[in-house]
Amino acid sequence: MNAGFKKRNKPWLTIEEESFLLKPIKTKKMKMKKKSPGNAIFFITAMAIIGTLSTGCQKEIKQEQNNTDALVSKNSKEAGFFENPNIVHIPLFIEDANMKPPVGNNTLLYDNRGHTRVLAPDGHQVTLGEFNSVSGYADVKCINAGTHAVFHLTGLIPNGVYTFWVVTFKSPGFDPTFANQIGEGALGAPDGSQNSFTATSTGSGSLSAITSAGPLSEFGSVGNCLSSEFEVHLVGAYHIDNLTHGGNPGVDLSTWVPQFAFPFKGGF
């Protein structure tokens, strides 16, 4: 793997940090958006689909992507999506000037894989308060073409370049050593052409993409519905260099930092 979320040049989280990261997964409840009566059958049907994409699936991808602007700009509760409001701020890849875990909202941040300053597009150094200010939710549903994910975000670094990544884990799921990680790759198309967006000047952003069955861009593979994974994280990475790098976040690990994630465990 050229670049990934589990590479790190120092010890992993303390027990306190691990508890902080895992707490939202253990204690918060995800909620199902309001669906039409046929949605239970819809989900069962989606889970049963295997194999390669048919012509009909390709048409479905095109139709879903043609509707992206509408889907990310309106409430999707009538579209059969499962809503995950449990955004997790990721402390694993940042440090303070003394190479210690940052504490306090005014603490200036550095990437901990190269001690590179985490800079905003306007040139100022990002603080912990700014880094942790992102909020929002993810809407997901399984369709014939794969897993459709739609993100609605605020509190992002203004004008920042972001990408989304699929990270999967086998049983018993995530731990800070990443020993159970089995897959990692770009959300949507494996070439990374569908997983990026730029935040607005006020720090809001949205993205819609469909991840189909097959190999992930870095390693591992996924089925047609991510709900079948034991645990999956949809991770938002901030790009300090203001660039995207295709099917991986960037070979130079100091040019990007995972900022937040939406964890799913036990299906959706």
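The values are calculated or read from the model by the stated rules, or taken from the named source; none is laboratory data. All of these numbers come straight from a predicted model, not from anything done at the bench. When we count neighbours, we look across all protein chains shown, and the Cβ atoms used for this are built from the backbone with ideal geometry, even at glycine.
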Please identify the pairs in which a residue from the stretch 80-107 that is closer than 20 Å to Gly136 by Cβ has its Cβ atom under 8 Å from the Cβ atom of a residue that is hydroxyl-bearing (Ser, Thr, Tyr) and outside any loop (DSSP other than H, G, I, E, B), counting only partners at least 6 apart or on another chain. Glu83/Tyr137; Asn84/Tyr137; Pro85/Tyr137; Ile87/Ser135; Ile87/Tyr137; Ile94/Tyr110; Asn105/Thr127
Would you be able to tell me the number of residues in the stretch 180-209 that are over 20 Å from Thr154 (Cα atoms), of a type in the set (A, V, I, L, M) and under 13 Å from the mean Cα position of the chain (by Cα)? 1
Based on what the data block shows, is Ser217 of a type in the set (Gly, Ala, Ser) and free of Cβ contacts under 8 Å to residues at least 60 places away in the same chain? yes
Enumerate the pairs (first residue in the stretch 235-261 and over 14 Å from Glu184 (Cβ atoms); second residue anywhere and among the basic types (Lys, Arg)) with beta-carbon separation below 6 Å, excluding pairs fewer than 6 apart on the same chain, so at least 6 apart or on different chains. Ser254/Arg113
Take the stretch 157-185 and flag every residue that is of a type in the set (A, V, I, L, M, F, W, C), outside any loop (DSSP other than H, G, I, E, B) and either more than 15 Å from Phe219 (Cα to Cα) or at pLDDT below 95 (or both). Val161, Phe164
Could you look through the stretch 100-120, keep only residues that are closer than 16 Å to Ile157 by Cα and charged (D, E, K, R), and pick out the one that is surrounded by the most Cβ atoms within 10 Å (Cβ to Cβ)? Asp111
Here the residues within the stretch 110-156 that are under 15 Å from Thr255 (Cα atoms) and either under 13 Å from the mean Cα position of the chain (by Cα) or part of a loop (DSSP other than H, G, I, E, B) (or both) are Asn112, Arg113, Gly114, His115, Val118, Ala120, Pro121, Gly123, Val126
Tell me, yes or no, whether the stretch 234-252 has at least one residue that is more than 26 Å from Glu130 (Cβ to Cβ) and crowded, with 21+ Cβ neighbours inside 10 Å. no
